[in-house]
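The values are calculated or read from the model by the stated rules, or taken from the named source; none is laboratory data. All values derive from a computational prediction rather than experimental measurement. Glycine also receives a Cβ, built like all others from the backbone with ideal geometry; neighbour counts cover every protein chain displayed.
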Amino acid sequence: MKLTTELSKLEEWTNHLPKIGMEILGNNGSPMYVLDLIMVGAIKRSLSLANGVLSLVATKNMTCVRALVRMQLDTVSRLFAYTYVSSPSDVAKKVIGGKALNKFKSRDGKILSDRYLIDKLSKDYPWVKNVYQYTSGYIHFSERQVFDSIHSIPDETERTVLFQIRKEDDQFPEESWVEVVECFNEMLSILGELLLTYRKELNQVKV
């Protein structure tokens, strides 16, 4: 089953990401940089969200799963923001101190707004913009919740609609669950590539 395959991949990521985090932090006595903290924070958030996806798919909670997809997209797009600025460490220090990321500008003079970050990421991953727009409807109360409460339309000629008001979202076909987990895995893959690049550059500095 495709869903089983995607869930297995997700579990693999939950085992792999902590190892990358430990390699970034290094052994006792290794120098630590402020960007290390940003990377480790992204790993911790991603692990928590991934664990949530596993649990929510098992309990058929599509509303919350799609919200977690949106949150992970936020994680990835904001982490990439540090590659768009002239002084990543200075930005990281101020963000850790509580300053909002959208108070800074990129090297090309653009404010690091959510829209800008999504547009930038979409240049390499075109599907990102559609995922952002669609899943934002699960962060905010929107028409998505109305449509998701529809269980079936048995007779279009009579304009009959059956609604479902229960905690499980069992009206979705398996391909919908596959799609959401596959999307989350793809974002973890993007995150993993960025982390590996950072780790490689960091090791060169620490040598």
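Could you list, in sequence order, all residues of the stretch 29-47 that are surrounded by fewer than 15 Cβ atoms within 10 Å (Cβ to Cβ) and outside any loop (DSSP other than H, G, I, E, B)? I'd like the intermediate steps shown before the answer.
The first filter runs over the stretch 29-47 and keeps only residues surrounded by fewer than 15 Cβ atoms within 10 Å (Cβ to Cβ), leaving 29-32, 44.
Scanning the stretch 29-47 gives a single hit, LYS44.
Looking at TYR138, TYR198, which is the one that is at pLDDT 65 or above, among the aromatic types (Phe, Trp, Tyr), assigned to a helix (DSSP H, G or I) and touching a Lys or Arg at 6+ places or on another chain (Cβ under 7 Å)? Spell out the reasoning first.
On the way: TYR198 fails: touching a Lys or Arg at 6+ places or on another chain (Cβ under 7 Å).
The unique qualifying residue is TYR138.
Can you pull out the residues in the stretch 126-145 that are under 22 Å from LEU194 (Cα atoms), touching a helix residue (DSSP H, G or I) at 6+ places or on another chain (Cβ under 7 Å) and not β-branched (Val, Ile, Thr)? Steps first, answer last, please.
Within the stretch 126-145, the first condition is being under 22 Å from LEU194 (Cα atoms), and the residues that meet it are 126-132.
Those left that are additionally touching a helix residue (DSSP H, G or I) at 6+ places or on another chain (Cβ under 7 Å): 128-129, 131-132.
Within the stretch 126-145, LYS129, TYR132 meet the criteria.
What number of residues in the stretch 35-54 are of a type outside the set (D, E, K, R), touching a helix residue (DSSP H, G or I) at 6+ places or on another chain (Cβ under 7 Å) and within 19 Å of VAL95 (Cβ to Cβ)? It would help to see each step written out before you state the result.
We begin by selecting, within the stretch 35-54, every residue of a type outside the set (D, E, K, R); these are 35, 37-43, 46-54.
Going one step further and asking which of them are touching a helix residue (DSSP H, G or I) at 6+ places or on another chain (Cβ under 7 Å), we end up with 35, 37-40, 42-43, 46-47, 49-54.
Now drop any that are not within 19 Å of VAL95 (Cβ to Cβ), which leaves 35, 37-40, 42-43, 46.
Residues meeting the conditions: 8.
Could you check, for the stretch 7-23, whether at least one of its residues is touching a Lys or Arg at 6+ places or on another chain (Cβ under 9 Å) and over 30 Å from VAL95 (Cα atoms)?
No, the stretch 7-23 has no match at all.
Restricting attention to the stretch 111-121, report how many residues are loosely packed, with under 15 Cβ neighbours inside 10 Å and out of contact with any strand residue (DSSP E or B) (no Cβ under 8 Å at 6 or more places or on another chain).
Taking the stretch 111-121 first, the residues loosely packed, with under 15 Cβ neighbours inside 10 Å are 111, 113, 115.
Going one step further and asking which of them are out of contact with any strand residue (DSSP E or B) (no Cβ under 8 Å at 6 or more places or on another chain), we end up with 113, 115.
So the count comes out to 2.
Looking at (1) crowded, with 18+ Cβ neighbours inside 10 Å; (2) within 21 Å of TYR132 (Cα to Cα), which is the only condition THR63 fails?
Among (1) crowded, with 18+ Cβ neighbours inside 10 Å; (2) within 21 Å of TYR132 (Cα to Cα), THR63 violates only (1).
For the stretch 51-91, give me the residue count where each residue is within 26 Å of LEU112 (Cα to Cα) and either within 10 Å of the chain's Cα centre (by Cα) or not polar (S, T, N, Q) (or both).
Filtering the stretch 51-91 for residues within 26 Å of LEU112 (Cα to Cα) gives 66-91.
Pick out the ones that are also either within 10 Å of the chain's Cα centre (by Cα) or not polar (S, T, N, Q) (or both) and you get 66-82, 84-85, 88, 90-91.
The total comes to 22.
If the Cβ limit is 7 Å and pairs must be 6+ apart or interchain, which residue in the stretch 17-43 that is in contact (Cβ under 8 Å) with a residue 60 or more places away in the chain pairs with which residue that is surrounded by 18 or more Cβ atoms within 10 Å (Cβ to Cβ) and of a type in the set (Asp, Glu)?
ILE24/ASP36
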